[in-house]
1. Which order do peptides 305-318, 409-422 fall in by mean Cβ count within 10 Å, highest first?
2. Quick check: residue separation of E69 and Q17 times 0.36 nm, minus the Cα distance between them. What number comes out in nm?
3. Grab the DSSP H runs of the chain that are 4 residues or longer, score each as -39,500 (n - 2.57), total them, divide by all residues and round the 222 nm result to the nearest 500 deg cm²/dmol.
4. Might you tell me the accessible area per residue for the stretch 264-410, computed with a 1.4 Å probe and given in Å²?
5. Got a sec? Charge dipole of the chain, +1 on Cβ for Lys and Arg, -1 for Asp and Glu; which of A88, A293, T224 is way out at the positive end?
6. With a sphere of radius 13 Å drawn around the Cβ of T302, what net charge do the other residues whose Cβ falls strictly inside it have (Lys, Arg +1; Asp, Glu -1)?
7. Compute the FRET efficiency between K3 and K126 as 1/(1 + (r/R0)^6), taking r as their Cβ-Cβ distance and R0 = 60 Å, and round to the nearest 0.05.
8. So which lysines pass the test for K168, namely a Cα distance under 17 Å, with those fewer than 8 places away in the same chain ruled out?
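The values are calculated or read from the model by the stated rules, or taken from the named source; none is laboratory data. Source: prediction; values computed, not measured. Please note: Cβ atoms are built from the backbone with ideal geometry, for glycine as well, and neighbour counts cover all protein chains shown. Quick note on the areas: whole protein, heavy atoms, side chains included, nothing else; ligands and nucleic acids left out. Shrake-Rupley method; radii C 1.70, N 1.55, O 1.52, S 1.80 Å.
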Amino acid sequence: MEKTKKFMLQESEIPKQWYNVMADMPTMPKPLLNPQTREALKPIEMEGLFAKELVKQEFSAEKWIDIPEQVRELYKMYRPTPLVRAYALEKALDTPAKIFYKNESVSPVGSHKLNTALAQAYYNSKQGITRLTTETGAGQWGSAMSIACNYFGLELDVFMVKQSYEQKPYRKFVIGSYGGKVHASPSSLTNYGRKVLQEDPGNRGSLGMAISEAVEMAVTKENTRYTLGSVLNHVLLHQTIIGLEAEKQMEMAGEFPDKVIACFGGGSNFSGISFPFLRHQLEGNKKVTLIAAEPSACPKLTKGKLEYDFGDTAGMTPLIPMYTLGHDFQPEQIHAAGLRYHGGGQIVSQLKSDGFIESCAIEQAETFRAGLLFAKTEGIIPAPESTHAIAATIREALKAREAGKSEVLLFNLSGHGMLDMASYEEYI
Ligand SMILES: *Cc1c(COP(=O)(O)O)cnc(C)c1O
């Protein structure tokens, strides 16, 4: 019988609602705290920073949330994305495991980030906001916000970690091509940036610092709001489009995954692919193992402590109950810049603490080896972030071989690495 490699949905099958795991969690996460009063944060306190509708979603425990028609229309640019059976990779590993991956690298910016960027730009524009600010590490999130702002006629200021701004210039040009403005962070545009530069003029920046600058600009400029590409509940919510599609596609393949695997930066692509499958377990029907693949250089779920911590370096955000390495943790300069965030977010951390999520930490060399094997077998050069998911999947496939056990593995290919060739060159 001919083997099916790609499982494709029709545009009409793009989900009409996102899935909110909060509705099914056995233990509710602890609340976010106002850093000054240390009292539970109220939605209204977040409305100066984020669009109202996004704040509502941040606090919502409603199980299904409608995807606005305009957002769904824009999703059609690149969705539904393919679900692929990785026969060639299976063969190279000589494993009895069945390996599937959801290919989010087909979006115009090459990663899953556009799934939430479009939604965030939409809700802000609907509210009459005219300018958005954000930060970006390697530039994936900035690129996604830039295309999204372009579609909704919003101005965008992106604070890009100086290290990447200088060493990885291409995404800076991608952001510019769609009309976004890019500033190397720390910058002289904000009080916080000026303070950092005064104390340390050669500072190379970090994601936490860039967040501090973007937040400061959002609260001090008129009609401006801030957007974040990961960590927060509303971001994870929007990303469930990945797993909801994958759920239908796995059905087409006649399988349900034993293990769902994704790389973990702030948890958005991990939650996006895995929560719709976890739903079946929380509803009491099926069992699934979720594995978050972290870099050894920044292992917040594997080695961090569960406690209240800030989302940024300067300590301007609410306090978040999460697994964290500390908000002033400065990870090594690994190539997977998108995985260098210090904390695991509210929902993922609660689920991890309740035993629903496993994690593993992987050295950079192993991830590049995995990325190159994937490129040679499946043909796609993966983003350095995504190579962590591939490496973790390979570990599981080899364990299955040793145990002589047929297992169904599903991982998320969060992005491609075509703009990260300098990283591959260094590794090779
Ligand atoms: C940003 C990014 C990540 C990490 O972010 P999460 O919120 O953990 O998903 C992973 N892969 C790619 C390609 C990214 O752009």
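1. By packing density, highest mean first, the sequence is 409-422, 305-318.
2. That pair, E69 and Q17, stretches by 17.7 nm at full extension.
3. -12500 deg cm²/dmol
4. Value for the stretch 264-410: 34 Å² per residue.
5. Highest projection toward the positive end goes to A88.
6. +1
7. For R0 = 60 Å, the calculated efficiency reads 0.85.
8. Those lysines meeting the cut-off are K181.
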